[in-house]
Every structure is written in structure tokens, then in C-alpha cells.
There are 2 protein chains.
Amino acid sequence: MAKEVEVLIRRLRTIGTLGPEEEIVVRDLPLRLATLAKGDEVASDGEVMDQSCLLLAGWMHRLKDLPDGSRQILSFHVPGDIPDLQSLHLKKMDHSLAATSVCEVAFIKHADLRRALLKAPGVADLFWRDTLVDAGGFRIWMTMLGQANAEGRMAHLFCELYVRLRSVDMAKEMRYQFPVTQTELAHALGITPVHVNRTLQELRSRGLLRFEHHEMIIHDWDRLSDLAQFDASYLHYFVDVS
Amino acid sequence: MAKEVEVLIRRLRTIGTLGPEEEIVVRDLPLRLATLAKGDEVASDGEVMDQSCLLLAGWMHRLKDLPDGSRQILSFHVPGDIPDLQSLHLKKMDHSLAATSVCEVAFIKHADLRRALLKAPGVADLFWRDTLVDAGGFRIWMTMLGQANAEGRMAHLFCELYVRLRSVDMAKEMRYQFPVTQTELAHALGITPVHVNRTLQELRSRGLLRFEHHEMIIHDWDRLSDLAQFDASYLHYFVDVS
DNA sequence: CGTTCTTTTGACTTCAATCAATGAGAGTGG
DNA sequence: CCACTCTCATTGATTGAAGTCAAAAGAACG
């Protein structure tokens with residue numbers, strides 16, 4: 001029972017080791033299930049949280065809106081992720097968390113989480129490690145935003161998503177579903193929607209990939225990852241799945 | 001004795017509370033002191049670490065070099081920071097840590113740190129929190145790199161540094177020392193050195209600030225922080241010092 | 001005091017933004 | 001089942017912010 005927690009177990013085993021007794025502690029976490037509609041925000045910038053959100057199915061993303069109206073998408077999330085785990089220790093959100101597509105989630109009360117982590121320090125270390133891997137993703141994205149042009153950034157995002165999606169069986173044979181619009185891609189890449197469109201066309205005309213109707217097909221992984229200067233080690237997978 | 005650890009105590013109290021017994025645990029951490037020359041790397045991309053580095057005096061920065069030769073400076077660090085604390089759980093570095101200026105540091109063995117955190121879970125939470133605040137800084141910088149132009153990014157960096165430096169008594173009355181070259185600034189801001197120079201001139205000609213001989217003087221905080229869309233809450237200071 | 005690093009300036013180029021319009025799909029309701 | 005609407009994708013023309021290249025001027029340092 002409570003098969004919902006399996007995605008979390010898998011995620012934790014992707015970035016570290018989880019002993020049998022620790023697994024029990026994780027399995028015993030009380031979950032409150034919910035279904036989110038596309039665009040729903042489960043945490044808003046400035047809000048004070050008392051729970052975190054485990055993504056079970058579908059996509060989520062974190063975003064930051066600036067006073068001038070511009071928006072940066074900070075990360076995309078796949079099942080097994082706890083995108084707002086940081087709120088366990090930083091109660092007040094400094095960004096927002098929203099559903100990219102319809103999705104299934106499980107809320108975990110911070111009080112319950114705290115109790116569990118106190119009981120099993122090894123699990124606490126794993127959760128800590130998870131937030132550190134999260135930060136590692138930000139570092140790479142900062143680097144790409146600061147140094148790479150539109151093609152490089154886009155290629156990098158598509159490479160990262162392929163590797164992460166494979167680890168949760170949502171990608172195989174160089175293809176995956178990615179339910180975002182070009183405008184959302186633009187918010188993630190720090191470029192305009194028009195330029196997203198042109199960059200996609202450029203990558204496609206060079207035979208690197210195709211992205212149509214929310215389906216990504218990578219035609220030439222070697223040249224794409226080369227263009228992206230992609231190196232999956234920042235994902236800190238315990239066993240590399242790339 | 002061991003007054004070196006005071007900067008760390010202060011830092012921890014800046015982002016949370018530290019009880020008397022927890023303070024003792026922190027004070028008992030074995031430190032190995034060292035002096036670094038400008039440019040020295042205490043941790044390099046790919047390296048496996050068994051210690052972290054507490055900055056006691058001077059400046060450090062973290063950076064990521066890409067295969068094509070471009071470099072992104074990810075963060076600047078001031079006394080009290082442990083810039084590579086994440087290596088406690090992510091042994092293998094995914095970026096580098098270097099001395100911006102001559103500086104004094106204290107190395108803390110991960111084994112000692114782990115022992116201390118096991119003894120005092122409240123301290124573990126504080127250190128975890130510190131890494132989460134670190135990640136919050138990355139999120140804001142990602143946002144500025146993706147959405148703001150050269151002026152906005154530069155203004156934001158200068159605002160952030162003023163607030164952080166004030167909390168460690170290294171800035172007052174709208175001025176502080178900042179020992180970087182315009183080329184290093186360029187690596188942090190994701191623009192070219194030439195454009196750094198022109199942007200500095202522009203900000204100066206508008207009466208917002210002056211930056212000469214490594215000294216920053218902010219002439220108009222209100223307009224500068226407005227241009228930066230700066231909101232210090234992402235620093236997650238327990239008591240706001242801005 | 002000369003050598004090196006850093007800052008500054010000018011001319012030119014380029015990548016991406018902007019503005020504006022058209023086209024294509026998906027879902028809705030008469 | 002087809003008009004209608006809405007969102008999303010695409011295209012073209014133009015503008016603008018920042019990059020590039022090259023050189024000179026100014027500081028810093030042994």
C-alpha cells in the first residue's frame with residue numbers, strides 16, 4: 001500500500017543509498033494526495049509554508065517574477081522530486097512553485113518530515129543532499145544563462161531533461177514528452193518566445209532535434225550535447241544513468 | 001581562544017538561532033588555519049573533498065569554467081561564509097572555489113563536522129539552512145542573468161554586496177572595498193569587460209555610484225536598488241540588517 | 001623605472017529584442 | 001458539423017543592446 005511513495009524512494013536511491021530501516025521511515029511519512037490543474041500554484045513567492053510537495057505524476061516548475069513583470073523559470077520537476085523541500089528550513093518562499101501540466105502530488109507536513117528526519121539521520125542527510133543537488137542545477141543554469149547563447153542554453157536544457165527523465169522512465173530512445181509552450185521555454189531560457197521559435201528551427205534544420213506538439217525527439221545526441229557543453233555529473237547521480 | 005570561529009558564530013546567528021550548548025559544539029570544531037594568495041584554488045571542479053573551508057578574512061568566489069573557455073563566477077564570499085559547505089554531502093566538486101584576494105581561512109574536516117552535527121541536530125539544521133540560503137542566492141542570480149540587462153545585473157550585485165558586507169561590518173555609510181577587476185566583474189555578470197566599463201560609467205554619470213580603485217561608493221541607494229529590483233529577503237536574514 | 005596588468009575609448013558587427021501580422025490547431029457551442 | 005474563439009506557432013522587417021577587435025592611456029608592482 002501507499003505505492004505513491006515509491007517515486008520518492010527511487011529518487012533518493014538515484015542520488016544516494018537508503019538502508020532498509022531508513023526506507024521504512026520514508027514509507028511511514030503521512031501523505032495527503034491531491035490533483036493539480038495546469039498552472040495551479042502550490043507555493044507562492046512570500047508565502048510561509050508548513051508542508052512540502054512531492055510530485056507523483058506530471059510536471060511542475062519553479063519561477064520567479066520580478067516587479068517589472070519579467071519572469072524566470074528556475075527549474076522543471078519530474079515525478080519523485082520535492083521541488084519545495086527547501087521550505088522545510090526556509091519557511092518563507094522566495095519564489096513560486098506551479099504545475100506545468102495536470103499533475104498528481106502528495107503533500108508532506110513539515111512537522112511529520114522533521115519527526116522522520118530526527119529518527120533517521122541517514123534520511124536527513126539524503127534529503128539535505130537532495131537540496132544540494134538542486135543547488136547544483138542552479139549553478140549550471142546560472143553558467144549557461146551567463147555564458148551560452150540561445151542555442152547552447154536550449155541544447156543544455158533538452159539534454160538535462162533527457163537524462164533526468166530517463167531516470168524516472170519517462171524518456172527512452174532519444175524522445176520524451178515535454179508539455180510546455182514556446183513562451184514557457186522562453187521564460188526558462190531567458191530569451192523571447194520569437195527567438196525560441198527561431199532557435200528551435202535552427203536546431204532542427206541542423207538535424208539535431210525536433211520539438212513538435214510537446215514531443216521532443218533528439219536526432220543527434222552527440223552533436224547536441226557537444227553544443228550544450230553538457231556534462232551530467234552535476235546531477236550527482238549515485239549511479240550514472242546517462 | 002580560537003577567536004577565529006567567532007565569524008562563523010555570527011554568520012549562523014545572522015540566519016537563525018544558536019543555543020548555548022550548540023554554540024559550544026561549534027566552538028569545539030577543530031580548525032586548521034591557512035593563508036591564501038590571490039587566485040589560489042582551495043577546491044577545483046571535479047575534485048573529491050574531505051574538508052570544507054571557513055573564510056575568516058578577505059574575499060573568495062566560486063566559479064565554473066566551460067569547455068569552450070568561458071567562465072562564470074557563481075558567487076562572492078565574505079568572512080563567516082563556508083563557500084564549499086555543500087561538499088560535505090556532494091564530495092565531488094561541480095565547480096571551483098578560489099581566493100579573490102589574499103585571505104585567511106580555516107579548514108574543517110568533514111569527519112569532524114559530521115561528528116559535531118550528529119551531536120547537535122540544531123546545528124545540523126542551521127548548516128543545512130545555510131546551504132539553502134546559498135541556493136536562494138543562485139535563484140536570484142539566475143533570474144537577473146536571465147531577465148535583467150547589464151545595468152540591472154550590476155546594480156543588483158552591488159546592492160547585495162552592500163547588505164551582506166554590512167552584516168559583517170565590512171561596509172558602512174554606503175561604501176565598501178571590493179577587490180575585483182572589471183574582468184572579474186564581467187565573469188560574474190555574464191557580460192564582457194568592455195561592457196562592464198561602459199555600464200559603470202553609465203551608472204556613475206547618472207549619479208548612482210562610483211567604483212574606483214576597488215572602492216564602491218553608492219551615491220543613491222534608492223535609485224540603485226530600484227534599478228536592481230532589489231529585495232533583500234532572499235538572503236533570509238533572521239534579523240533584517242538592510 | 002620599465003614591465004605588466006587594468007582601464008578606457010572608438011569603430012564596427014552581431015545576436016537577440018521588438019513590433020506587427022499571419023497561420024495553424026484545439027476546443028466550444030450553436 | 002462547422003463557424004467562432006483563443007491560444008500558440010511562425011514569419012518578416014527593423015531596432016537595439018552587447019560583443020568584438022584594436023589600440024592607447026593609466027596604475028600597479030617588482
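The values are calculated or read from the model by the stated rules, or taken from the named source; none is laboratory data. This is a predicted model, so every value here is computed, not measured. Methodologically, a virtual Cβ is constructed for each residue, glycine included, from the backbone with ideal geometry; neighbour enumeration extends over all protein chains shown.
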- Item | Number of the exception - A:LEU54 against (1) over 18 Å from the mean Cα position of the chain (by Cα); (2) among the hydrophobic types (A, V, I, L, M, F, W, C); (3) closer than 24 Å to A:ARG164 by Cα | (1)
- Query: How many of the residues in region A:155-176 are assigned to a helix (DSSP H, G or I), closer than 18 Å to A:HIS213 by Cα and out of contact with any strand residue (DSSP E or B) (no Cβ under 9 Å at 6 or more places or on another chain)?
  - Reply: 0
- Task: Please specify each residue of region B:74-101 satisfying the condition of being away from chain A (no Cβ under 13 Å) and of a type in the set (Asp, Glu).
- Result: B:ASP81
- Message: Among the residues in region B:206-227, are any aromatic (Phe, Trp, Tyr), in contact with a helix residue (DSSP H, G or I) (Cβ under 8 Å, 6 or more places away or on another chain) and within 14 Å of DNA strand D (Cβ to nearest atom)?
- Response: yes
- Message: Suppose the filter is within 14 Å of DNA strand D (Cβ to nearest atom), out of contact with any helix residue (DSSP H, G or I) (no Cβ under 9 Å at 6 or more places or on another chain) and more than 14 Å from chain B (Cβ to nearest Cβ); does A:GLU173 pass it?
- Response: no
- Got a number for residues in region B:177-236 being more than 14 Å from DNA strand C (Cβ to nearest atom), in a loop (DSSP other than H, G, I, E, B), over 12 Å from B:LEU161 (Cβ atoms) and not basic (Lys, Arg)? 7
- Query: Does B:ASP226 satisfy being more than 14 Å from chain A (Cβ to nearest Cβ) and over 17 Å from the mean Cα position of the chain (by Cα)?
  - Reply: no
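I want to confirm something. Restricting to region A:229-242 and keeping residues that are among the aliphatic types (A, V, I, L, M) and at pLDDT 95 or above, which single residue is farthest from the chain's Cα centre (by Cα)?
Checking each candidate, the answer is A:ALA232.
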- The one condition in (1) within 12 Å of DNA strand D (Cβ to nearest atom); (2) surrounded by fewer than 20 Cβ atoms within 10 Å (Cβ to Cβ); (3) under 21 Å from B:LEU63 (Cβ atoms); (4) charged (D, E, K, R) that B:ARG198 fails to fulfil: (3)
- Query: If a residue has to be of a type outside the set (Gly, Ala, Ser) and within 16 Å of B:ARG27 (Cα to Cα) to count, how many in region B:98-135 make the cut?
  - Reply: 16
- Just one listed residue, out of B:LEU165, B:LEU161, B:LEU118, is assigned by TED's automatic domain parsing to the domain that holds B:GLU23 and away from DNA strand D (no atom under 16 Å from the Cβ), and it is B:LEU118
